[in-house]
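Derivation of every value follows stated rules applied to the coordinates shown; laboratory data play no part. Everything numeric here is computed off the predicted structure, so don't read it as measured data. Using ideal geometry, Cβ is built from the backbone for each residue, glycine included, and neighbour counts are taken over all protein chains shown.
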Amino acid sequence: MDFVEPHSPHWFYLVEQIDWSLAAWAGTSIAFGRSKNVCTFCSDIDARDFRVKSARLESAAVPSLRLCSTCYLNRLIMGDRLVAAVAGNSWAANPAP
Ligand SMILES: [Zn+2]
């Protein structure tokens, strides 16, 4: 699947069908952060894009997330496999100070 930019209209279209609460949460994060370029979960402005390879059935088809370093680690703990959308731009390879 082609990379779906997090928080784009196409991303919301897909995620609203898969996980309505995640789409609603992302909408709140964007409103709170006053930008689409914030973390999907917490509105942190220092966020990077990831493809999601989930082991969890309920979010198997969420294509991508925009994550700060904290939420990146939380998603790993929850069982997601995250692949940087831009090669080398993962929090794992290049963590925040
Ligand atoms: Zn976050």
Log10 I(q)/I(0) at q = 0.17, 0.22, 0.23, 0.24 Å⁻¹ for the chain, from Debye over equal alpha-carbon scatterers, is -0.67, -1.18, -1.30, -1.41
Under a point spin-label approximation (7 Å from Cα along Cα-to-Cβ), what is the LYS53-GLU5 distance to one decimal in nm?
2.5 nm
If you add up the charges near VAL83, with Lys and Arg at +1 and Asp and Glu at -1, over every other residue whose beta carbon is less than 13 angstrom from its beta carbon, what do you get?
+3
Report, by chain and number, residues whose modeled amide H sits under 5 Å from the one on SER64, excluding near sequence neighbours (fewer than 5 apart, same chain).
VAL52
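Quote to one decimal, in nm, the extra length available between CYS42 and GLU16 on full extension: 0.36 nm per residue of separation minus the C-alpha distance between them.
Extending this stretch completely gives an extra 7.5 nm.
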In sequence order, calculated HN-Hα J values of the range 10-20 (Karplus, 6.51, -1.76, 1.60; Hz; x Gly/Pro):
5, 4, 5, 4, 5, 5, 4, 7, 9, 8, 4
State to the nearest 20 debye the size of the charge dipole of the chain about its Cα centre, where the only charges are +1 on K and R beta carbons and -1 on D and E beta carbons.
160 debye
Long-range amide H partners of ARG48 with built H, under 5 Å:
LEU67, CYS68
Suppose each label sits 7 Å from its Cα in the direction of the beta carbon; what would the ALA24-ASN74 distance come out to in nanometres?
1.7 nm
So for the range 9-84, averaging the separation of alpha carbon pairs under 8 Å that are six or more residues apart and normalising by length, what relative contact order in percent results?
28 percent
